[in-house]
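Participant: A single structure is presented below for examination.
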Amino acid sequence: MKNIQLIAEHNVRPAGEIHTGASKSISNRMLLLRRLYSPDTELHNLSGSEDTQWLQKGLASGETEIYAGDGGTTARFLAVYLATRPGEHILRGSARMSERPMAKLFDALRQLGAEIRYLEKDGFLPVSIKGCKPEAGSTVHFENPESGQFISALCLVAPSVGMTISYSGAVTESYIQLTLALLAECYVQAEAYHDPETERSVIEIHRSTPVLPAEYVIENDWSSAAFWMEWMLQAPMGMELYLDKLLADSIQPDAYAMHYFEMLGLSFRETDNGIMVKKAARPDGNEFHFDLEYNPDLFPALACSVAALGLNATFAGLHSLVYKESNRLQSVTDGLAKLGVDAGYDPGESEFFIRGGKLRPTDEAIDTFSDHRIAMAFSALVPSLGKITINDPGVVKKSYPEWWTHVQTYVKDIQLIEN
């Protein structure tokens, strides 16, 4: 499918109970923990995302060559897994994944004793990995890691030997905290602190055998739910939508979406089995600032929401977004420009800005740049635009493969035309 066109009446809205699917972040971490420490644990409500499927296949594979697809988490978790197992393997990824830097992770794996050989371009997939068992009490240091997933991956293998992991520079700390929270659920002791002498962040993980339950139910995904919140901001006042099996006290960083979207006019009510979302008010003011250092994945949905409401806003804490499936700062800039919105990244202020104005419908398709969150964020603007065309709509399979089916099912009076 080359593109998909959405055509809708003004203020078309979703209705019913939407099951967004399980958290990809928790699914992937629990898959690696199960493989390492508790193969008999049953994982329920696993994410149906392509990333999770590739990780499952990679962890179960007996082949010497393993494919990670488009998934950053998938590639990084598989690299660490292979580097701490005996044998030699080749790890490959998609064309886009082969453009995403991984040198800092490979350098760390060499510190543990693994042999890494680049097969094409230094610092990038594909690579040959000859694994080894790390020594007890191993230490690893990252200097300005591009991704917190490098650190999370090492945290997950660390309990078997005990490990001290240190790093300097900016990373998305919240996903490291998610990893440590899951380890704590498995009775692994860890201390995370800042060393003022070295100016490094340090994580000490004690040697132990993680204890996983016989069955583990993975909670639903707040990152995917944010796109329905974006849609609800454009709904008539008083409209409600039920998001099934979301936890208000979730350990997911993107559960903080409730706070951001409350600022813009939504209200949230927790029930026994999920969250009721309501269009409750108009935004309180016209100028907003969002610090997304702990939840940068919310940026596309929030940026498009601000644009739909015609508000002015600035966004900080976005340093990791240039390393995602696309350069999300540029992808959002390009998409909003096609809709007549003045937006962009100001390097002097290290902030992304949106200067409010009415969205302008366009016959020009929005490019997704192989990025699932760009596809969903811009398609959810159709209530304000009446129509929008999204290129490469299949990219949503990376995190929320049911997105287009759910739009067709739960949004009344909308047409989806595939080309």
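Only the coordinates and a few stated rules stand behind these numbers; no lab work does. On a predicted model such as this, the values are computed, not experimentally measured, just so you know. With ideal geometry, Cβ positions are generated from the backbone for all residues, glycine too; neighbour counts draw on all protein chains shown.
Participant: Among DSSP beta bridges whose residues both lie in segment 28-152, state the antiparallel percentage, nearest 5. Please list the in-between numbers first.
Facilitator: Numbers: 8 of 11 bridges.
Bridges in segment 28-152 that DSSP calls antiparallel: roughly 75 percent.
Participant: Subtract the Cα-Cα distance of Glu173 and Glu120 from 0.36 nm times their separation in residues, and report this length gain in nm to one decimal. Please list the in-between numbers first.
Facilitator: On the way: separation 53, 0.36 × 53 = 19.08 nm, distance 3.12 nm.
Taking Glu173 through Glu120 to full extension adds about 16.0 nm, to one decimal.
Participant: Relative to the present Cα-Cα distance, how much length would full extension add between Gln408 and Asn312 at 0.36 nm per residue of separation?
Facilitator: Details: separation 96, 0.36 × 96 = 34.56 nm, distance 3.12 nm.
Separation in residues times 0.36 nm, less the Cα-Cα distance, equals 31.4 nm.
Participant: Shifting gears a bit: Compare the Cα positions of Ala303, Ala95, Ala15 along the charge dipole of the chain (+1 at Cβ of Lys, Arg; -1 at Cβ of Asp, Glu; about the Cα centre) and return the one farthest towards the positive end.
Facilitator: With unit charges placed on the Cβ atoms, the residue in question is Ala95.
Participant: Modelled label-to-label distance, Glu204 and Tyr187, 7 Å Cα→beta-carbon offset: nm?
Facilitator: 2.2
Participant: Using only Cα atoms and rounding to the nearest 10 degrees, what angle (0 to 90) does helix 299-309 make with the longest principal axis of the chain?
Facilitator: Result, in degrees: 10.
Participant: Right, here's the next one. Taking amide H positions as placed 1.01 Å from N in the peptide plane, with prolines and chain starts having none, which residues 5 or more places from Gly344, or on another chain, fall under 5 Å of its amide H?
Facilitator: For Gly344, whose amide H was placed from the backbone, the distant partners under 5 Å are Phe353.
Participant: Quick one: helix 328-338 against the long Cα principal axis of the chain, what's the angle to the nearest 10°, folded into 0 to 90?
Facilitator: 20
Participant: Evaluate 2.2 N^0.38 Å with N set to the residue count of segment 376-419, then give the Cα radius of gyration divided by it.
Facilitator: 1.10
Participant: To the nearest Å, what is the center-to-center distance of segment 261-296 and segment 209-260, using C-alpha atoms only?
Facilitator: The distance from the Cα centre of segment 261-296 to that of segment 209-260 comes to 12 Å.
Participant: Of Pro145, Gly169, Gly71, whose Cα points farthest to the positive end of the dipole of segment 24-216 (charges on the beta-carbon: +1 Lys, Arg; -1 Asp, Glu; origin at the Cα centre)?
Facilitator: Gly71
Participant: Using a Gaussian network model on the chain with a 10 Å cutoff between Cα atoms, which of Ser370, Ser27, Ser61 fluctuates the most?
Facilitator: Largest GNM mean-square fluctuation: Ser61.
Participant: Across segment 342-358, in residue order, what do the Karplus-derived ³J(HN,Hα) couplings come to in whole Hz, using 6.51 cos²θ - 1.76 cosθ + 1.60 with θ = phi - 60° and x for Gly and Pro?
Facilitator: Residue by residue, segment 342-358 yields 7, 8, x, 9, 9, x, x, 9, 6, 9, 9, 10, 10, 9, x, x, 6 Hz.
Participant: For Gln330 and Arg96, what is the calculated FRET efficiency with R₀ set at 25 Å and r taken between the beta-carbons, to the nearest 0.05? Working shown, then result.
Facilitator: On the way: r = 14 Å, r/R0 = 0.57.
After rounding, the FRET efficiency stands at 0.95.
Participant: Report, in deg cm²/dmol and to the nearest 500, the calculated mean residue ellipticity at 222 nm for the chain, where each DSSP H run with n ≥ 4 adds -39500 (n - 2.57) and the sum is divided by the residue count.
Facilitator: Numbers: 13 runs with 131 residues, N = 419.
It comes out at -9000 deg cm²/dmol, rounded to the nearest 500.
Participant: Would you mind classifying segment 24-216 by shape? Square roots of the alpha carbon gyration tensor eigenvalues, ordered a ≥ b ≥ c; an a/c under 1.5 is rounded, otherwise it is prolate if a/b is larger than b/c and oblate if not.
Facilitator: On the way: a/c = 1.43, a/b = 1.06, b/c = 1.35.
Taking the square roots of the gyration eigenvalues as a ≥ b ≥ c, segment 24-216 is rounded.
Participant: Pairs of Cα atoms under 8 Å, at least six residues apart: use those to get the relative contact order of the chain, whole percent.
Facilitator: 21
Participant: Starting with the highest mean, order 110-122, 262-274, 326-338 by the number of other Cβ atoms within 10 Å, averaged over the residues of each peptide.
Facilitator: 326-338, 262-274, 110-122
Participant: What are the ³J(HN,Hα) couplings of segment 17-29, residue after residue, when phi is run through the Karplus curve with 6.51, -1.76, 1.60 and θ = phi - 60°? Round to Hz, x for glycine and proline.
Facilitator: 10, 9, 9, 6, x, 7, 4, 5, 5, 5, 4, 5, 5
Participant: Report the residues of segment 380-419 in range of a label on Asp244: point 7 Å along Cα→C-beta, backbone N strictly under 13 Å from it.
Facilitator: It comes to 406, 410, nothing else.
Participant: Between Ala103 and Glu17, how high is the FRET efficiency from 1/(1 + (r/R0)^6) when r is the Cβ-Cβ distance and R₀ = 30 Å? Nearest 0.05.
Facilitator: Computed FRET efficiency for Ala103 and Glu17: 0.10.
Participant: Can you work out the Karplus-derived ³J(HN,Hα) for every residue in segment 191-205? Use 6.51 cos²θ - 1.76 cosθ + 1.60 with θ = phi - 60°, whole Hz, and x for glycine or proline.
Facilitator: Coupling constants for segment 191-205: 10, 10, 7, 9, 8, x, 6, 9, 6, 10, 8, 10, 10, 10, 10 Hz.
Participant: With unit charges on the beta carbons (Lys and Arg positive, Asp and Glu negative) and the dipole taken about the Cα centre of the chain, which residue among Leu6, His206, Leu180 sits farthest to the positive side?
Facilitator: Positive-most Cα among the choices belongs to Leu6.
Participant: Now, a different point. Counting Lys and Arg as +1 and Asp and Glu as -1, each charge on the Cβ, what is the dipole of the chain about the Cα centre in debye, to the nearest 20?
Facilitator: Using only the charged Cβ atoms, the result is roughly 740 debye.
Participant: Hey, another quick one. Can you give the angle from 0 to 90° between the axis of helix 222-233 and the longest principal axis of the chain, with both taken from C-alpha atoms, to the nearest 10?
Facilitator: Helix 222-233 and the main axis of the chain meet at about 10 degrees.
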